[in-house]
Amino acid sequence: MTWKRRAARITGNFGVSFFGPLVGSGIAQSYFHSQIIFEQAIIVAIISASLTTGLSISYELRKYGEKSSTTQ
């Protein structure tokens, strides 16, 4: 797998994990009539995206390490 594909997968994971909580907090706000302000929703989405992206990067590095060790 090329680095471009790996970068695309990591970027895609970031997008999904960022917009998921952002949309979910908007739905929860309208459904439960809570007072979540937009800045709080952005902070939650950034934290979620950072954690998920870190896991995604670790997974890609693990796959890269396995590939490198089998070719030697």
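Here are a few things to note about the model shown:
- One residue stands out among those in segment 1-22 that are without any contact (Cβ under 8 Å) to a residue 12 or more places away in the chain and polar (S, T, N, Q): the one that is farthest from GLY54 (Cα to Cα), which is THR2.
- Only a single item in (1) among the small types (Gly, Ala, Ser); (2) surrounded by fewer than 13 Cβ atoms within 10 Å (Cβ to Cβ); (3) modelled with pLDDT of 90 or more is not met by GLY20, and it is number (2).
- When SER34, SER25, SER69 are checked against the criterion of being outside any helix (DSSP H, G or I), out of contact with any strand residue (DSSP E or B) (no Cβ under 7 Å at 6 or more places or on another chain) and at pLDDT below 90, SER34 stands alone in meeting it.
- Considering SER25, SER48, the condition of being in contact (Cβ under 8 Å) with a residue 12 or more places away in the chain and in contact with a Pro (Cβ under 9 Å, 6 or more places away or on another chain) is satisfied by SER48 alone.
- Test result for ALA45, surrounded by 14 or more Cβ atoms within 10 Å (Cβ to Cβ), under 22 Å from the mean Cα position of the chain (by Cα) and within 23 Å of ALA8 (Cα to Cα): yes
The values are calculated or read from the model by the stated rules, or taken from the named source; none is laboratory data. Every value quoted in this text rests on a predicted model; they were computed, and no experiment measured them. Reconstructed Cβ throughout: ideal geometry from the backbone, glycine too, with neighbour counts over all protein chains shown.
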